There are 2 protein chains.
Amino acid sequence: VRLAADGWAVESLDQTRLPGAQVPLRLTTWREAAEAIASMRVRGAPLIGATAAYGLALAARADPSDASLEEAARGLAATRPTAVNLAWALDRVLGVVLPESAPDRARSAYREAEAICAEDVAANRAIGEHGLALFSGLAAGADRPVQILTHCNAGRLATVGWGTATAPIYLAHARGLGVHVWVSETRPRNQGALTAWELARAGVPHTVVADSACGHLLLGGRVDCCLVGTDRTTAAGDVANKIGTLLKALAAREANVPFWVAAPSSSIDWSIRGGDAIPIEERDGSEVRRALGLPAEVPVANPAFDVTPARLVSGLITERGVAEASAAGLADLFPDHFRGDA
Amino acid sequence: VRLAADGWAVESLDQTRLPGAQVPLRLTTWREAAEAIASMRVRGAPLIGATAAYGLALAARADPSDASLEEAARGLAATRPTAVNLAWALDRVLGVVLPESAPDRARSAYREAEAICAEDVAANRAIGEHGLALFSGLAAGADRPVQILTHCNAGRLATVGWGTATAPIYLAHARGLGVHVWVSETRPRNQGALTAWELARAGVPHTVVADSACGHLLLGGRVDCCLVGTDRTTAAGDVANKIGTLLKALAAREANVPFWVAAPSSSIDWSIRGGDAIPIEERDGSEVRRALGLPAEVPVANPAFDVTPARLVSGLITERGVAEASAAGLADLFPDHFRGDA
């Protein structure tokens, strides 16, 4: 996501058209931004945060009144419930903009949206360095490239920079540390295809597998570590991420393989500790029916996320370093954010 | 699978066309039977065993020589490596037919194929009764229908009778014991659509979910038991079944939910104990690429089965009763089959 050449509209890529076609997306109103997020044209927790921030800037440009901004914030917040980046970005922009006088609000909102983007790029880079150190530990003495299993797309497409889970992968590849990525399909929206597309463009060796194949790979000794993103991590280290993450974490524990989560602080919800407090988005059953050729009357459940309890997480790779997935671990790295009352 | 009205050709349903269309399949040569099995027009461990048996009968009808039968047996055995029912059925028919004189061979082969079918129907029925007793135990005192999670299709379509994993479900429904079935999609071949189609026709309440949703369902307390089929169970109780079974078993253990396997003795390989000796079929990557819209150059791995170790299996529901998933448990129920030297 970025500003268009005209300096006010917002540009991105329609991810529902990838990998088949690269169709640009131009957002000119907060309602267009909200539609893009709800339809998953724009997706990935960090990217929807940044897009929502720009959505508020678009709203402020059209009408900087309190009522206008509050309506836009409500509309943008309602698009998707699970990723905390969305509420975080909206709160942050509102917090800067509302104290200002009306003529200054649009400029402030754009500036804050740009700051969120710049910080995301910096967080990606830092996560890349911290994750690379973990890969280097695995590579020492190994006779094959480091075998990394990921899920969904926590890549360039899901962020403003080089991705969260993919940042260490791109960095390893650039620095000559051999890696091979197992990319799981990620039904029902097939975000594995996005990850495969990204990795292919960067020349990173990878293999796509069905989600169901991951237990076989892990218990068969073909994976050295798991690395995924997160849509919301609690202050005690429970991780909500794309549906299917939990099954991989269970298999990783059984296989004695580290399970790492790339978690920029923008995705940490300091207000809750238990993962059961995270709202899990239930999406339309047509997403599942379509692939199966099932008629509309077939009952379908389509939860979009699951919660991996902290006990299954080997570490949270944040922009400040690798935290133990626990309240103590997060409090240690983020004393400025951690709330004793959460 | 059954004899056609003409008394010699073999009829089934082209499962690659379901659930959209019910296209009959007519097999008149062993090569057609082999093609139907390899392409998964006919699928499910018990059904491919029965179809292979009929394939040998078709071969014996065309040419009852040793060379002809041995060529057909080799060709049929080579179609799919994992399900042991295939080799079991072929060995059984050959064992009956080869000692006979040429003019009697076709009749004997048909008779043995019919016996295999009749035994499958009887095994399904017995598994239904033993499984129903397990469901009844779960239903006692519960305030909701018994919530059963299955995977792939171990149903009527996969057997000659009422299915292996589905037999207790149909029986419970017929006898008024409330059940609800969670049907997992079963990528990449989407056999969950077959199970949903079967259950809908029988009026059994069910809900389809992505494979990746099963951890969320299990750890969220929404499943009372798992019940799946098997393509090959070792003499020590390790279970090869459709890829993704292992992940469900791991999540079931974490959720303290029983994980049962409907295992007719035709699917037990008495010659091996460790699941790592089971050949795992690797199918063409196009099965995965198709749904994702990925070009042919994207690397894909497509293992079709995984092995769930006996320690994760709560019980093997056989036609003789429920066995502990262990060498001792199987030896106890099947002293006539169990081999101390395996």
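Scanning the stretch A:304-336 for residues that are more than 10 Å from chain B (Cβ to nearest Cβ), closer than 23 Å to B:V223 by Cα and hydrophobic (A, V, I, L, M, F, W, C) returns a single hit, A:A310.
The stretch A:243-334 holds strands (runs of 3 or more DSSP E) entirely within its bounds, and those carrying 3 or more residues that are surrounded by 18 or more Cβ atoms within 10 Å (Cβ to Cβ) and in contact (Cβ under 8 Å) with a residue 40 or more places away in the chain map to A:259-262, A:305-308, A:315-318. Take the conditions surrounded by 24 or more Cβ atoms within 10 Å (Cβ to Cβ) and more than 14 Å from every other protein chain (Cβ to nearest Cβ) and apply them to A:A158. Does it pass? Considered against the rule, which asks whether it is surrounded by 24 or more Cβ atoms within 10 Å (Cβ to Cβ) and more than 14 Å from every other protein chain (Cβ to nearest Cβ), A:A158 comes out as yes.
Applying the set (1) of a type in the set (G, A, S); (2) at the interface with chain B (Cβ under 9 Å from one of its Cβ atoms); (3) over 24 Å from B:I278 (Cβ atoms) to A:G178 leaves exactly one unmet item: (2).
For B:I127, the stated conditions do not hold, so it cannot be described as more than 20 Å from B:A252 (Cβ to Cβ) and either part of a helix (DSSP H, G or I) or of a type outside the set (D, E) (or both). No other residue among B:A301, B:A296, B:A277, B:A291 is farther than 30 Å from B:I317 by Cα, of a type in the set (A, V, I, L, M, F, W, C) and more than 10 Å from every other protein chain (Cβ to nearest Cβ) apart from B:A296.
Each residue in the stretch B:79-105 was checked for being of a type in the set (V, I, T) and either in contact with a Lys or Arg (Cβ under 8 Å, 6 or more places away or on another chain) or surrounded by fewer than 20 Cβ atoms within 10 Å (Cβ to Cβ) (or both), and 4 of them qualify.
Residue-level analysis places A:A210 among those that are surrounded by 24 or more Cβ atoms within 10 Å (Cβ to Cβ) and either touching a Pro at 6+ places or on another chain (Cβ under 8 Å) or in contact (Cβ under 8 Å) with a residue 60 or more places away in the chain (or both).
Could you check the stretch A:215-228 and list, in sequence order, the residues that are open to solvent by less than 10 Å² (accessible area, probe 1.4 Å) and within 7 Å of another protein chain (Cβ to nearest Cβ)?
Taking the stretch A:215-228 and keeping what is open to solvent by less than 10 Å² (accessible area, probe 1.4 Å), we get A:215, A:217-218, A:223, A:225-228.
The one that is open to solvent by less than 10 Å² (accessible area, probe 1.4 Å) and within 7 Å of another protein chain (Cβ to nearest Cβ): A:G215.
Would a scan of the stretch B:229-238 turn up a residue that is open to solvent by less than 30 Å² (accessible area, probe 1.4 Å), within 16 Å of B:C152 (Cβ to Cβ) and within 11 Å of chain A (Cβ to nearest Cβ)? The answer is no, given that none of the residues of the stretch B:229-238 is open to solvent by less than 30 Å² (accessible area, probe 1.4 Å), within 16 Å of B:C152 (Cβ to Cβ) and within 11 Å of chain A (Cβ to nearest Cβ). With respect to (1) open to solvent by less than 20 Å² (accessible area, probe 1.4 Å); (2) among the hydrophobic types (A, V, I, L, M, F, W, C); (3) over 30 Å from A:R320 (Cβ atoms), the lone exception for A:A123 is condition (3).
Just the residues that are buried (at least 21 other Cβ atoms within 10 Å of the Cβ) and more than 7 Å from chain B (Cβ to nearest Cβ), please, taken from the stretch A:193-203.
A:L194, A:T195, A:W197, A:E198, A:L199
The values are calculated or read from the model by the stated rules, or taken from the named source; none is laboratory data. Remember, it's a predicted structure, so these values are computed and weren't measured experimentally. Ideal geometry is used to build each Cβ from the backbone, glycine not excepted, and the neighbour counts take in all protein chains shown. The protein model used for the area step is the full one, side chains on, heavy atoms only, and it has no ligands, DNA or RNA in it. Shrake-Rupley method; radii C 1.70, N 1.55, O 1.52, S 1.80 Å.
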